[in-house]
1. Which part of the range 280-321 falls in the paramagnetic zone of Ala146, meaning amide N under 19 Å from the point 7 Å along Cα-to-beta-carbon?
2. Amide H to amide H, which residues 5 or more places from Asp473 or on other chains are under 5 Å from it, using H placed in the peptide plane?
3. In whole Hz and in residue order, list the ³J(HN,Hα) couplings for the range 131-136 that follow from phi through the Karplus curve 6.51 cos²θ - 1.76 cosθ + 1.60, θ = phi - 60°; x for Gly and Pro.
4. Determine, for each peptide in 138-145, 226-233, the mean count of other beta carbons within 10 angstrom over its residues, then list the peptides with the highest first.
5. Protein chains only, probe 1.4 Å: how do Trp176, Trp618, Trp543 rank by accessible area, largest first?
6. Could you calculate the FRET efficiency of Ser45 with Leu105 from 1/(1 + (r/R0)^6), where r is the beta carbon distance between them and R0 is 25 Å, rounded to 0.05?
7. With r as the distance between the Cβ atoms of Tyr198 and Leu601 and R0 = 30 Å, compute the FRET efficiency 1/(1 + (r/R0)^6) and round to 0.05.
8. Using modelled backbone amide H atoms (1.01 Å from N, in-plane), which distant-in-sequence or interchain residues come within less than 5 Å of Met268's amide H?
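The values are calculated or read from the model by the stated rules, or taken from the named source; none is laboratory data. Please read all numbers here as calculations on a predicted model, not as lab measurements. Ideal geometry is used to build each Cβ from the backbone, glycine not excepted, and the neighbour counts take in all protein chains shown. Please note that ligands, DNA and RNA were not included when accessible areas were found on the heavy atoms of the full protein model with its side chains. Shrake-Rupley method; radii C 1.70, N 1.55, O 1.52, S 1.80 Å.
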Amino acid sequence: MAFSGALTITDLDDFLTPSQACIIPVRNKPSVTAEEGSTEIQIDSNNNYYEVSTDNAASAGPSSSSAKKALEKAEINLNDCLACSGCITSTESLLITLQSHLEVLTFITSNPTSLDPDAPCHKPRLPILSISPQTLASLSASYSSAQARPTIPLLVLLRRIRAFLSQPEKGGWKVWDTTFARHMSLKETVVEYHERKYKKDKGKAAELPMLASACPGWVCYAEKAQGELLHLLSAARSSQGIIGALAKTWYGHKTAHKPNEIYHVTAMPCYDKKLEASRSDFYSSLYSTRDVDCVLTTGELDLLLQDLEFDPYLAVSNEDGLSVEDGDNSPFPELLNHEGSSSGSYLATIIRDIQTNHHNPTRITTREIRGSDDNVEYLIYDTITGEALFKGAKVYGFRNLQNLVRKVGKETGIGKAGRSGAGAGKLSLAVAARRRKAKMANGGSTGTSTPLTEGSDAESIVSLSMGEDKKLDFVEVMACPGGCVNGGGQMKPVSSTSVANGEDKMDVDEEGYERPLPDDGTEAKPKDGGGIEEGMRWSTKEWVSKVEEIYWTGLPTPPSSPPLEASNIDDYVDFGVATKANSGGHGRLDGNSPLKQADSLVEAIVKDVCGDDSGKRWEFLRTRFRKVESDILAQGGVTLEAVKW
């Protein structure tokens, strides 16, 4: 397949770039025996490769069957990339095959729209497309900028795509969004966090900090480079993992379709989601099918819609209606709004749960690490006792991610950072004590902590002093700077540069988008003559901010969710539903709210699929992570020292 410019970048300074030479051929290199003698490769007119023995060529001729052996074509698929330790992370530059909009187009043309009476065993596959809200926001921003027209609300865009693709000539698709699956993932994440917290409180093995695992780039990096930390990764499936299980298991049973009779496609903001879909936990050996058959990036979905001649500004009936009870369109509530971040809201959900269930009033303070809004710590403390209840963080981008690995290693004693810093524990405590003393002397003033909206300086001093010693409990980790709205598969900024002049005309990448593509990779143009924006190699901060704004304002549940800030629980809007907290400080969900309806549906689905079997429930909602063992190194093929990052 053809790859976009994001896949050809070789100088990403925010990512760990893998080696240019794949080491799979080293593993597959056949051994040469003395009996075989010398050989050469010949290619026939049909581009078939043959190994021919030069020792027998004179006597037997090149056509002799004993001297001519057909060679198999070398193929590298997703499983090879996941099992190979030659690349430390999947930074959108791994070889990805068989997942593109061309495959989906082939499916549309080959899949019969009705059952053929002459071939009753060849039942048409039911096509389902699940679209992430980040994808919808990126498409809306791109359509608006390209046509100089207003942005399209996410719900309206979702229903226009659904009405278009549901036509038989377009494939007869069921089109869903993934926010209900995200809701299930968030609920399971909270359950898992309390399980881990309980174990830690009982003095069992270190289970915290719990590290979010919804980002496949981070997971791949951890499996290949930070195997000692894998037990800290959340086992809860991501929204893609859960929507795949819902489509093939629950919905398939509901509509009398076996898993292999459903063709499930997801549209995601990230190329690494293709790798996630190929994991063995998401594969049914019984039906020889994956939970997600094909993953399209936002750009690839746009290409698919272009090829099918989709008009995003063509209105359809009931496109802005708030009813979500039409099971023919979607069996789930649509575009659920979760407060916090546009990258899943995992941290915000746990913070909300802790605040809601704590018996005393609580308050949050935040601290940006090195002034970066991609690396922020959150501390919840009891305003009456001063006890630090929870310390979490959001960490986006590989630069910050590597610092997180070191920090977690030092706090837990796990991994290289933990071993190297094991003797520095007392020194760290001494440094923290000196910092607290300095802050107390300055009246608690600090330039890195978000000021409280209410309360005294004494409360601020208490929170800061408690936060120094408090270890991390949960971290929302994303590989891309800016989070999922800045994923490598998102739509690129629409260039306003005139291309009339031949010298200024940009090249066109494999997906048809204009962007500068020199021979050695994509070179970002400095903005207004200044330096390159950090972490924005394929985008700009202005563009990401626009997508972020559309993400929140385009959701159907008013009001929009702001970023998590220092505040009291009483000041929060409850998951986008305007309800006031009660006198005891506990927020309530309106019984008729979409999230309350979603909670009831989650319980019904889990009961329907798993019954009372805890093992089935685990398999349905969770996954496993595996440390990548270096079979290449064991064979003496390539050493880590020989691989250049």
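1. From the range 280-321, the list is 296-316.
2. Sorted by chain and number, the residues that satisfy this are Lys391, Gly392.
3. Per-residue couplings from phi come out as 10, 6, x, 5, 5, 4 Hz.
4. Values: 138-145: 23.6, 226-233: 19.1.
The peptides rank, most packed first, as 138-145, 226-233.
5. Trp618, Trp543, Trp176
6. Values: r = 30 Å, r/R0 = 1.21.
Efficiency at R0 = 25 Å is approximately 0.25.
7. Details: r = 27 Å, r/R0 = 0.91.
E(calc), rounded to 0.05, equals 0.65.
8. Leu296, Thr297, Thr298
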